[in-house]
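The values are calculated or read from the model by the stated rules, or taken from the named source; none is laboratory data. Just so we're clear, the structure is a prediction, and the values are computed from it rather than from any experiment. When we count neighbours, we look across all protein chains shown, and the Cβ atoms used for this are built from the backbone with ideal geometry, even at glycine. Each accessible area value is taken on the protein alone, full model and side chains, heavy atoms only, with ligands, DNA and RNA left out. Shrake-Rupley method; radii C 1.70, N 1.55, O 1.52, S 1.80 Å.
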Amino acid sequence: MTPIEPAILEAAIEIIGEEGISDEEIEERVLALAKDAMLARRLIDWLPEILGAVAVGHMGKVNFVDTFSAKTKQGKWKSSPMKAEPIFVLGIKRAQDARHRDRTGVYERVAFRSAIMRSAGQVLDSGQSLDGVTASGPALIGIPAEIYRSAVSLLQRLFW
């Protein structure tokens, strides 16, 4: 899988985090930026989850699993390591750096689009703490598991 250009990742964050933007406009603008439908889908789906995970990590002592799930064309869920997604590898570093540079406005709006922030909000709204909670990786619906097959195979050969 091709590495992601940092400028494209940053521009996608700016689009997704724009105040008052509709989902349809995000789709159109990120597709125009990425020039590839699957890359656009990956940016739109992954960036909120990455930024959400970093935000949640600052809200308590949360344990994060290092895998995510995606469905195969046959409808079966497959697990892959987070590092199989180049957007995750670059995005997690950018999100952590942004937290320390106080670039919170845009990044928070992106994070609030994530499933992990919704889940964390439910836990906190119920009066519970996030300390000790284990957060699973995202379950991707619009990205087929097959696109990660070669990345997982390469990672297995290199690191396992």
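Report, ordered by the first and then the second residue, all pairs with beta carbons closer than 6 Å, sequence separation of six or more or different chains, a first member in the range 10-25 that is farther than 17 Å from GLU49 by Cβ, and a second member that is open to solvent by 40 Å² or more (accessible area, probe 1.4 Å).
Close Cβ pairs (under 6 Å, with a partner that is open to solvent by 40 Å² or more (accessible area, probe 1.4 Å)) amount to ALA11/LEU33.
Looking at the structure I just gave you, is ILE92 in a helix (DSSP H, G or I), open to solvent by less than 20 Å² (accessible area, probe 1.4 Å) and in contact (Cβ under 8 Å) with a residue 40 or more places away in the chain?
So ILE92 does not fit the description; no.
Could you check the range 67-105 and list, in sequence order, the residues that are at pLDDT 90 or above and under 12 Å from ILE13 (Cα atoms)?
Of everything in the range 67-105, those that are at pLDDT 90 or above and under 12 Å from ILE13 (Cα atoms) turn out to be ILE87, GLY91.
Which condition number in (1) in contact (Cβ under 8 Å) with a residue 24 or more places away in the chain; (2) open to solvent by 50 Å² or more (accessible area, probe 1.4 Å); (3) part of a helix (DSSP H, G or I) is the one that ARG118 fails?
Of (1) in contact (Cβ under 8 Å) with a residue 24 or more places away in the chain; (2) open to solvent by 50 Å² or more (accessible area, probe 1.4 Å); (3) part of a helix (DSSP H, G or I), only one is false for ARG118: (1).
Between LYS78, LYS83, which is over 27 Å from LEU124 (Cα atoms), surrounded by 13 or more Cβ atoms within 10 Å (Cβ to Cβ), in contact with a strand residue (DSSP E or B) (Cβ under 7 Å, 6 or more places away or on another chain) and of a type in the set (Lys, Arg)?
Unique residue meeting the criteria: LYS78.
Just checking, which of LEU43, LEU31, LEU39, LEU47 is open to solvent by 20 Å² or more (accessible area, probe 1.4 Å) and within 18 Å of ALA145 (Cα to Cα)?
Testing whether each residue is open to solvent by 20 Å² or more (accessible area, probe 1.4 Å) and within 18 Å of ALA145 (Cα to Cα) leaves just LEU39.
Can you say whether ALA115 is within 23 Å of VAL30 (Cα to Cα) and either of a type outside the set (A, V, I, L, M, F, W, C) or modelled with pLDDT under 90 (or both), as far as the supplied structure shows?
no
Could you please tell me which pairs satisfy a Cβ distance under 8 Å, a separation of 6+ or placement on different chains, a first residue in the range 50-63 that is small (Gly, Ala, Ser), and a second residue that is part of a strand (DSSP E or B)?
ALA53/PHE64; ALA53/ALA135; GLY57/PHE64
Go through (1) without any contact (Cβ under 8 Å) to a residue 12 or more places away in the chain; (2) within 25 Å of GLY20 (Cβ to Cβ) and name the single condition ILE44 misses.
Among (1) without any contact (Cβ under 8 Å) to a residue 12 or more places away in the chain; (2) within 25 Å of GLY20 (Cβ to Cβ), ILE44 violates only (1).
If we keep just the residues of the range 54-75 that are in contact with a Phe, Trp or Tyr (Cβ under 8 Å, 6 or more places away or on another chain) and open to solvent by 20 Å² or more (accessible area, probe 1.4 Å), which is nearest to GLY121 (Cα to Cα)?
GLY57
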